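Since every read-out is calculated from the coordinates, none of them should be taken as a lab result. Since this is a predicted model, take the numbers as computed values, not measurements. Here the Cβ positions follow ideal geometry from the backbone for every residue, glycine too, while neighbour counts run over all protein chains shown.
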Amino acid sequence: MAGDVRELAGLSRAALLNQIPSPDIFYASLVAGPSFFKDPRTVAAALGTQPGQVPWLYAVDEHTRLPLAVAQARGTGATGMKIYANLPGTLVRKLIAESNSQHFPVWTHLQVYPATPYDSLGATAVSHACMIARYVRESGKTAYGHDGEPSYAGLTADDPGIKRYIAALAKSGTIMDATLSVYKADGPHCHIELAGDITRAMHAAGVRIIAGTDTDNTSDDPWPALYGELEKLVKYAGLAPQQAIRAATANAAVALGRQREFGTLEAGKYANMVFLQRDPLQDIANVRSVVLTVKRGHQYARDEYQFKPLPRHVD
């Protein structure tokens, strides 16, 4: 999550201290090329200030003092840095190296245009499996954006360009945040069958997969969007239920740099766990049979949860 850290820091603190019934909240400071900060989302996340000129939404160019930029991002209380868009490969590689030297998790899009996907290798994690499909079909794309998608007809994970990237990704140790939830069965964008095929090949090659969503659940759904992502990892990417659960727990903790604190049930780690009525190893949909959630030792009974659908927004 990236956004207005002035709000996120307060929510994160309240969740950390169990002052609100919430998962622990982790967020990123975002860096991008100066041209990206025309995006209206950055304006909303920097109200009262200038997007691109604050530590949590920082414009980077060849004159930026990168050690200071990373240190300022850390100072916001962010868990890591998100390298977002509109940066050349040289700067992407330097930002990754500097973040790693400061032991600060660094996450990027699989491709940070105009950099290539190979420039992001070495990051803690990269997001969006189908970005490699677009790179293979449209290697000359130079700027971030979802318009004008090429045809993916006939493309599979066996394409030489995709196989070459997967081998490099596996060698780098970078984690894959597949975000299958953003891909649909039809439409102009990369279809979920192809996204799943690519994720399956990455997993088979030894790439560590995490269960990011990059989407919300519907306003009338009482369960987290994460559960839908787990189901898609099983259905479309061929992960066993146990592997999908690991993507959301142990692997996710590594992506956050917090694997010594949580992610697995071990002595010395926080008591973060969920109790289910039905076995998710038999059917991943059984993650929705929650009886009790324990977070940092605090118990939350599911039958005490009062779900209220969000009102539909009316302009």
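When each full DSSP H helix of the chain is screened for a Cα extent of at least 15 Å along its own axis and an average Kyte-Doolittle hydropathy of at least -0.5, the helices passing are 5-16, 89-101, 160-172, 192-204, 225-235. When peptides 109-121, 236-248 are sorted by average Cβ neighbour count within 10 Å, with the highest value leading, the order is 109-121, 236-248. Residue-wise HN-Hα couplings along the range 117-123, as the Karplus relation 6.51 cos²θ - 1.76 cosθ + 1.60 with θ = phi - 60° gives them from phi, are x, 5, 6, 8, 5, x, 5 Hz; Gly and Pro carry x. Could you pull out the pairs from 184/235; 38/141; 269/308; 38/184; 38/82; 184/232 whose alpha carbons sit more than 21 Å apart here? Where the Cα-Cα span goes over 21 Å, the pairs concerned are 269/308; 38/184. In whole percent, what relative contact order does the range 5-268 give with Cα contacts below 8 Å and a gap of six or more residues? Relative contact order, the range 5-268: 12 percent. Three semi-axes describe the equivalent ellipsoid of the chain; taken as square roots of 5 times the Cα gyration tensor eigenvalues and ordered largest first, they are 30, 26, 20 Å.
Taking Cα centroids, how far is the range 267-315 from the range 18-66 in Å? Cα centroid to Cα centroid, the span is 30 Å. Ordered by the count of other Cβ atoms within 10 Å of each Cβ, fewest first, 298, 189 give 298, 189.
Summed over qualifying helices (DSSP H, 4 residues or more, each -39500 (n - 2.57)) and divided by its residue number, the chain shows a 222 nm mean residue ellipticity of -9000 deg cm²/dmol. Here's how it looks for residue 80: its modeled amide H is under 5 Å from those of 27, 29, which are all 5 or more places away or on a different chain. Comparing Cα centroids, the range 91-163 and the range 166-221 end up 13 angstrom apart.
Below 8 Å, C-alpha to C-alpha, sequence gap of six or more: please give me the relative contact order for the range 140-257 in percent. So the answer I get is 25 percent.
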